[in-house]
1. Could you run the Debye sum over the Cα atoms of the stretch A:1-147, one equal point scatterer each and no solvent, and tell me log10 of I(q)/I(0) at q = 0.15, 0.18, 0.20 Å⁻¹, two decimals?
2. Quick one: A:Ser474, A:Ser442, B:Ser32, fewest Cβ neighbours within 10 Å first, how do they rank?
3. Take the alpha carbon atoms of the stretch A:284-325, find their center, do the same for the stretch A:351-418, and report the distance between the two centers in whole angstrom.
4. Per 0.36 nm of contour for each residue apart, how much would the distance between A:Lys384 and A:Asp233 grow if the chain were fully extended, relative to their Cα-Cα spacing?
5. Could you work out the Rg to Rh ratio of the stretch A:358-427, with Rh taken as the Kirkwood radius (inverse of the mean 1/r over all Cα pairs)?
6. Using the scaling law 2.2 N^0.38 Å as the reference, what is the normalised Cα Rg of the stretch A:296-405?
7. Report the calculated FRET efficiency for A:Leu356 and A:Lys85 (r = Cβ-Cβ distance, R0 = 35 Å), to the nearest 0.05.
8. Can you tell me, using C-alpha contacts under 8 Å and at least 6 residues apart, the relative contact order of the stretch A:146-295 as a whole percent?
Amino acid sequence: MQLISYSFVILWGFVFALYYLVPKKGQWYVLLGASLLFNCIGLRGFPLGLLLTGITTYGCGMYLGKKLDQEKEALKQCTDREEKKAVKAVFQKKRKKVQTLTIVFNLGLLLFYKYAVVAVPLVERATGSGAGFLERVIMPLGISFYTLTAIGYIVDAGRENCAVETDLLKILLFLAYFPSVTQGPFTRFKQMKEEFEKAHVFQYDRMLRGIQRFVWGAFKKLVIADRIGIFVDRVYSVDVASVPGGIFACATVLYMLQLYADFSGYIDMAAGVSETLDITLPDNFRRPYFARSVAEFWRRWHITLGNWFKDYVMFSFVMSGTGRKIGKACKNKWNGLGRQVAPVIGTMLVWFFTGLWHGRTVNYMLWGLYYGVIMSVSLLLEPKYAVWKEKLSIKDGKLWSLFCMVRTWGIVFLADVLIRSGSLAQAGEIFTSLVTRLHIGSLLSAEITSYGLGKYDFLLLLMALLIWLVVSVSEERGLDVRAVIAGKPMVVRWICYYGIVLLVLVTGIYGGSYDTAAFMYQSF
Amino acid sequence: MEEKILEILEEHCEEALEYEGDNMMEDGVIDSFTVINVVSDLEEEFDIEIDAKYVVAENFRNKEAIIALVQKLMEE
C-alpha cells in the first residue's frame, strides 16, 4: 500500500476517526492496529520478519534493563573508583554480548531478506533447480528502515539514553508505525514513546496543517518527481553514444531534483499524516541545495540517517577500545595529524555502510567512498580554509556563498551520475560525453523534447519548480509558509489551497505504464 | 575547571564560545571531528573517560552542556 493510494486514504480516514473517539490511553492501540493492518495489506501476508525483529529487540531491551539494575546495586557496594570500574566492565561485557547477538541476528535477517530472498529464486529459475521455498517468502515492508531503528533502540537502551520498554506491543508500534515504516524518517525510541503515550486531543488547526503538508508532499511527488522521472529514465536508458553530453547534464541535474522531490515528498506526506494524529516526526530535510559545503549538504539531507550513522557507527567506533587504541597510537606518532586518523577511519566506515545501505552495486560502493574521501579531506583541511581565504582576499558575501553552493551542486552532480547509471561502464561513458561531447546547444533544440517530456511538460515543470523554489527560499529565511498563508484573507488562502490541490489532481503523473506511486527510496 | 574547558573549546572551535542556541551539532557549529578532538582533550585534561553513550547531541548542545557533562563525570 502506497501513501498515494485510495486504500491508504481510506485507512487514514478510519484511523483518524477512531483515534479521537477512543479513550486517550487507548490511542496508541489504534496506531498499532493500523500499522499492523498497513503491513498485512501491503504484504498481502503476515509480517513475520517484523515480528521477529520486534521480539528480539524487546527481549534484548528487557535483558539490558535487568543487567543495568543489577549493576547499579553492585556499584552501591563498591568503596573506591577502581572497584567501580571493574564492576562496570563486568556488566558492560555481559550487556555487549547480548546486544551484539541481537544486532547480528537482525542484520542477518536483513541480509537474508535483501539478498537470499531476491537472489536465490533468480538462480533457481535460471538453473531450473531448487525447492522454490524462498519464492514464497514475503519481504517485510521497510526492513532496511526498521532494522536500523531497532538497532538504535538496542544501543540506546544499553547506553541508558532511553528507558527500557517493558511492553512488547509498544516496541512493535515503534518499529511498524505506518506513516514512516517504509521510508523513514528514522526515529528514536525516547522521542516516539513520548509521542505515542501522550493524550492526543483533536485540534482543527493541526489537522489542517497536516493535510496541507500531505498535499504539498503529493505535489512534489506527482507533479515534480514523477514528471522528471519520465525524462531521466528515457535519457539514461538510451545508448550513451547517441545522446549529447548536454542532455545527460540536464537529465542529471533534473535527477538531483527528482530524488529530493520524491524523498522529501514522501517525508512531507508521512509527517502530514502524523500531524493530523498529533504526532511529530523528526525533520529529515532542511533545504539541502542551499548548503555551502558537502558536510552541510549531508546535515540537511536525510538528517535522521546521518545522525544514525554518526551516533551508532562513527562515535561508537572512535570511542571503542579499538578506536581509542588507534587514536592514541597515531597521536603519539604523528601528533596533530595523527589524532585525526581515528575520525577519518570512522568517517570512511560511515560512508562505506551508507553506500552499502543505499544499494548493492559497485556504483553505490564507489559513491560511498567518494563522499567518505571528500568529507574526510574537507574536514581535515577546514582549519586551513580561513588562511587560504585571507591569502586570496576572499570576502564572505552573497557571491562567495553562491560559489560555495554551486561547488556543492557540482560535487553532488558527479555522485548522482554514478548512482543513476546502470553500471560503472555507463557512468564512465557519461563522464566522457560530458567532457568531449557536451553540445550545450542541444538543450535548446527540439531534441530535448524527444525523451518523453513535451514542451508543455517542461513549462509545467518549470512553473512547479519555481513554486517550490519560492517556498524553499521563504522557509530558508525562517518563514512558516503554512502560517503565512493561513494569515492571508480567505480568498487568497483558498486560492493557494485549491491551486495546489488542482495542480496535483490535474497535472500529476497518474496511471499508464509508468508506476506513479513507487517511491525511489523504498528500494534502499 | 570551567576555564580550562572553555580553553579547550576555544582551541578547537571558537564559534562554540559565542553560540547561544541549543543544538551546536545540528546547527553546524561543531562537527563530528571537532567533537572527537574536544572529547579526547577533555579526557586527557580531567583524567576521565567519556564513553560513546555521552557523545550525543544533547551533551554537546552548547558550552554549558559540555561543562555540565564534565562535572557529572568527575563526580562519578
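1. Reported log10 I(q)/I(0), two decimals: -0.93, -1.07, -1.17.
2. Values: A:Ser474 13, A:Ser442 19, B:Ser32 24.
Going from least to most buried by this count: A:Ser474, A:Ser442, B:Ser32.
3. Each part's Cα centre sits 14 Å from the other's.
4. Values: separation 151, 0.36 × 151 = 54.36 nm, distance 4.18 nm.
Computed gain between A:Lys384 and A:Asp233 is 50.2 nm.
5. Details: Rg = 15.6 Å, Rh = 14.1 Å.
For the stretch A:358-427, the value is 1.11.
6. With N residues counted in the stretch A:296-405, Rg over 2.2 N^0.38 Å equals 1.24.
7. Details: r = 36 Å, r/R0 = 1.04.
That gives a FRET efficiency of 0.45.
8. Numbers: 137 pairs, mean separation 48.3, N = 150.
After rounding, I find 32 percent.
The numbers here are math on the coordinates, done by the rules we state, and not lab data. This is a predicted model, so every value here is computed, not measured. As a convention, Cβ positions derive from the backbone with ideal geometry for all residues, glycine included, and neighbour counts pool all protein chains shown.
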